[in-house]
Amino acid sequence: MIDIKLLDYLESYLTENRRTRFNKVLSQRTKHFTVATEDVYQLHNTSAVIRSCDVFGIQEVNIVEEINSKRIDREIAMGAQKWVDLNRFHTVKDCIKDLKSKGYQIVATTPHTNDCLLHEFDVTKKSCFFFGRETEGLSQEVLDNADCYLKIPMSGFTESLNISVSAAIILQHVTTKLKQTGINWQLTETERLEKRMDWIKKTIKSYDKIVERYYSKQ
């Protein structure tokens, strides 16, 4: 439960521009879509995907590190890891189980015999887009558990795109279409309050001392 009075007090330590920015960004955030990366080897690829999620308003990213475990490249993500929630999993099985318990359909981003082209994708369904390893692609476990197979149409000799490029293209398309629908895709009021508090905590350097001082005066 968020202490609203404390939240208001902490926000007084932010500039007006920062408070306005927080509210504007939060109004465009969504958990209707999320992204999962599976054992991505190149550090900059995972970091770039996180950056794209922040840019297109995706609040949560799921990182499976069953084989490869890497720290987030702060330079590539350019601070995006502060604003996007990272859910880390040691196995694909645990990640899929968690996502399905939250009502997400599993979308495998890979060419497949029963695939759906990007412009045909039904954005009204709560979805997690899975991106696989650079050379091997998605694991068989993801493919076997996928509810949908999504493909970006391509016209050249090259058969695939870098995963960070694929993620950016897909997220830009689906979030644009989502905002044209009448469904409730935004964060709940409780989720917005929690994010405001979380972002303030990550912004104010003397957060703990300020909170301690606030409660000492109550």
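The values are calculated or read from the model by the stated rules, or taken from the named source; none is laboratory data. Keep in mind that this is a model prediction, so the values were computed, not measured. FYI the Cβ positions are ideal-geometry reconstructions off the backbone, even for glycines, and counts take in every protein chain you see. Just the protein is used for accessible areas: all its heavy atoms, side chains included, with ligands, DNA and RNA removed. Shrake-Rupley method; radii C 1.70, N 1.55, O 1.52, S 1.80 Å.
In the context of the full protein assembly, H32 retains an accessible surface of approximately 20 Å², using a probe radius of 1.4 Å and ignoring ligands and nucleic acids. Where [x] 13.7; [y] 11.9; [z] 14.4 are the candidate values, the label of the one calculated here for mean projected area of the Cα convex hull in nm² is [x]. Among T181, T175, the sequence by solvent-accessible area, most first, with a 1.4 Å probe is T181, T175. Quick check on segment 1-56: take the gyration tensor over C-alpha atoms, sort the square-rooted eigenvalues as a ≥ b ≥ c, and tell me if it's rounded (a/c under 1.5), prolate or oblate. Because a/c hits 1.5 or more and a/b exceeds b/c, segment 1-56 counts as prolate. For the chain, modelled as a GNM whose springs connect Cα atoms under 10 angstrom apart, the maximal fluctuation among C116, C128, C53 occurs at C116. The Kirkwood radius of segment 158-218, taken over pairs of alpha-carbon atoms, gives through the Stokes-Einstein law at 25 °C and 0.890 mPa s a diffusion coefficient of 157 µm² s⁻¹.
Scanning the chain for trypsin sites (Lys or Arg not before Pro) in DSSP loops with at most 14 neighbouring Cβ atoms within 10 Å leaves 103-178 as the longest stretch between them. Only protein heavy atoms count here; under a 1.4 Å probe, T15 has an accessible surface of about 90 Å². Only Cα pairs under 8 Å and 6+ residues apart enter the sum, and on that basis the relative contact order of the chain stands at 26 percent. Computed over neighbours whose Cβ is under 11 Å from that of C128, the net charge equals +2, Lys and Arg +1, Asp and Glu -1. Exposed loop sites are taken as chymotrypsin sites (Phe, Trp or Tyr not before Pro) in a DSSP loop (any state but H, G, I, E or B) with at most 16 other beta carbon atoms within 10 Å; the longest stretch of the chain without one runs 42-156.
The angle between the Cα long axis of helix 163-178 and the longest principal axis of the Cα atoms of the chain comes to about 70 degrees, rounded to the nearest 10.
Under 26 Å of direct C-alpha separation, and excluding same-chain neighbours fewer than eight residues apart, K205 reaches these lysines: K5, K24, K82, K195, K217.
Every Cα-Cα pair of segment 95-218 was included, and the share exceeding 20 Å stands at 59 percent. Within the shell of other residues whose beta carbon sits under 11 angstrom from the beta carbon of I204, the net charge comes to +3, with Lys and Arg scored +1 and Asp and Glu -1.
A simple count of charges around L171, restricted to other residues whose Cβ falls under 14 Å of its Cβ and scoring Lys, Arg +1 and Asp, Glu -1, yields +3.
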